[in-house]
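Just below is one structure, and these are the notes that go with it.
The values are calculated or read from the model by the stated rules, or taken from the named source; none is laboratory data. Here the structure is a predicted model, which is why all the values come from computation and not from measurement. Here the Cβ positions follow ideal geometry from the backbone for every residue, glycine too, while neighbour counts run over all protein chains shown. Keep in mind that these areas ignore ligands, DNA and RNA; they rest on the heavy atoms of the full protein, side chains included. Shrake-Rupley method; radii C 1.70, N 1.55, O 1.52, S 1.80 Å.
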Amino acid sequence: DAGVIQSPRHEVTEMGQEVTLRCKPISGHNSLFWYRQTMMRGLELLIYFNNNVPIDDSGMPEDRFSAKMPNASFSTLKIQPSEPRDSAVYFCASSWGTDTQYFGPGTRLTVL
Amino acid sequence: GQQVMQIPQYQHVQEGEDFTTYCNSSTTLSNIQWYKQRPGGHPVFLIQLVKSGEVKKQKRLTFQFGEAKKNSSLHITATQTTDVGTYFCAGPGTNAGKSTFGDGTTLTVKP
């Protein structure tokens, strides 16, 4: 199994630009999570999906952030417009049947 | 959702010394999980504890779940430089599949 796949691994963009992060969960998993990690705030859950449906998006910082899961094998997290304070590592994780989560390698986002 | 608190936030040890991190909850947990994140890496699942008073070992790592299922600990015997990283505990959330992560304990080991 390839594990959770995220792309891109690194993204550098300028303030105001749109950023799209992508995630392919482990095949067969029915829950998908988006996290943001910074030194100041630690690991924050942004949103999670169960069976492709958003269940809890209370962690999404503001309207500039949106997430979709059009099918069981793909999800996106979009930031539009991006701001320097969005700079962080964004992790995608997936799970099935238990709370055990398998994390992807993360996308390191830098907004200049 | 349930909140889990971890202490200490940071721990610096000399190689060979032992290390312990603690996870506490104000409510009873149905289970608790532990993850390790190496510097520059991603959290990796280590173990899940389910039973009251449960103790599990993985080589030099010993995991305990309290009798009341409100606290847990991870103890590393004779730390090595390969143990550096941040150790997270995670409790179950209120919705299926969601965990609540603690803030983590970052361990540094001086050779």
Among the residues of the stretch B:53-78, the number that are open to solvent by less than 60 Å² (accessible area, probe 1.4 Å), out of contact with any strand residue (DSSP E or B) (no Cβ under 6 Å at 6 or more places or on another chain) and free of Cβ contacts under 8 Å to residues at least 24 places away in the same chain is 2
Taking the stretch B:32-52 and the residues there that are assigned to a strand (DSSP E or B) and open to solvent by 30 Å² or more (accessible area, probe 1.4 Å), the one that is farthest from A:Phe91 (Cα to Cα) would be B:Gln48
Restricted to the stretch A:10-42 and to residues being within 10 Å of another protein chain (Cβ to nearest Cβ) and part of a strand (DSSP E or B), the residue farthest from the chain's Cα centre (by Cα) is A:Gly42
The one condition B:Leu29 fails out of (1) outside any loop (DSSP other than H, G, I, E, B); (2) aliphatic (A, V, I, L, M); (3) in contact (Cβ under 8 Å) with a residue 60 or more places away in the chain is (1)
Scanning the stretch A:43-66 for residues that are buried (at least 16 other Cβ atoms within 10 Å of the Cβ) and away from chain B (no Cβ under 13 Å) gives A:Met60, A:Phe65
Query raised in the report: Does the stretch A:69-92 include one or more residues that are part of a loop (DSSP other than H, G, I, E, B), within 19 Å of B:Gln33 (Cβ to Cβ) and open to solvent by 30 Å² or more (accessible area, probe 1.4 Å)?
Result: no
If we ask which residues in the stretch B:62-81 are small (Gly, Ala, Ser) and in a loop (DSSP other than H, G, I, E, B), their number turns out to be 3
